[in-house]
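Below is one structure, written out as structure tokens; comments come after it.
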Amino acid sequence: MFNKKILLVRKSETFMVNAIKNNLLQAHFQVKDSDYSIKQLSENARDVNLIILYTDSDVEDHRDAFIYLKDLCVEENKVVLIIGEDEAFKFAHRFIPKEDIAFEVYRPLDMADLMSKVMTATDDEFEQQRRKCILIIDDDLTFLQMTREVLKDTYRVGMANSGTQAVAWLANNHADLILLDYDMPILDGPKVMEMLKSESFSSSTPVMFLTGKNDRESVTSVISLKPVDYLLKSITKEKLLKTLEDFFDSGKKK
């Protein structure tokens with residue numbers, strides 16, 4: 001718990017905002033704070049475990065910030081706790097996925113209740129129970145976007161169009177599964193898999209290969225690399241979702 005980082009987003013530094021910050025510090029959290037500008041959010045939100053949004057009556061003025069936070073939640077596995085009233089919560093629901101909102105806390109604040117919810121939202125088990133994250137690696141941008149559209153309502157989805165980009169993404173984000181294109185130029189799927197297995201942050205992440213070839217030689221080559229599975233790119237949406245559901249339900253992830 002002591003290395004958990006929190007970003008406190010507020011319009012200005014009021015007495016209550018400072019009280020929240022002091023309570024977080026006393027609980028041994030590392031605390032950053034930011035206003036609702038995209039500049040400050042982008043500078044401070046990347047490496048935090050929880051984003052606390054302290055909203056005011058002018059919450060609708062921060063539309064751009066909520067769009068940015070929505071993208072951050074979807075693409076980088078962030079979770080938020082919102083402090084405010086019904087109108088602020090309804091506004092937030094227009095942008096931030098429901099599963100990425102850990103708690104909605106009403107004012108006037110009960111500080112003990114708030115701290116209890118913060119403790120829960122930053123607990124490792126809570127984070128584990130949230131939506132699984134899948135990283136798709138494919139040089140075909142059209143296929144990347146198409147697959148993301150299929151998966152985004154069920155899973156968090158990251159995208160990379162090369163092995164180098166995938167390593168950079170995984171260095172800063174957690175994936176529960178990697179869908180890796182077998183046939184890519186420069187660094188093909190097997191080489192990318194070897195590269196990922198050599199990195200401490202991705203060595204244990206399960207890999208499923210995606211391939212457009214189903215001849216015996218190609219299939220044998222894929223299987224010899226011991227991925228958790230291999231999928232033909234021609235797979236239907238329904239079968240892809242069922243395969244992924246079965247994988248996570250079976251506890252194959254090591």
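Structure notes:
- Length-normalised contact order of the chain in % [C-alpha pairs under 8 Å, at least 6 apart]: 12
- Of the trypsin sites (Lys or Arg not before Pro) in region 71-172, the ones in a loop by DSSP (not H, G, I, E or B) with at most 14 other beta carbons within 10 Å are 94, 130, 152.
- The long axis of helix 163-172 is offset from the longest Cα principal axis of the chain by roughly 30 degrees.
- Point-to-point label distance, residue 124-residue 213, nm (Cα→Cβ direction, 7 Å offset): 4.2
- Label-to-label distance, nm, for residues given as residue 116 and residue 236 (7 Å Cα→Cβ offset): 4.8
- Working from label points 7 Å from Cα in the Cα-to-Cβ sense, the residue 204 to residue 145 distance is 3.7 nm.
- Alpha-carbon centroid distance for the pair region 1-39 / region 127-146, whole angstrom: 31
- Taking amide H as placed 1.01 Å from N in the peptide plane, residue 78 has its amide H under 5 Å from the amide H of 73, each at least 5 places away in sequence or on another chain.
- In the chain, the longest principal axis of the Cα atoms and the axis of helix 15-26 are about 60 degrees apart.
The numbers here are math on the coordinates, done by the rules we state, and not lab data. Given the structure is predicted, the values throughout are model-derived calculations rather than measurements. For neighbour counting, all protein chains shown are included, and Cβ atoms are generated from backbone atoms with ideal geometry for every residue, glycine included.
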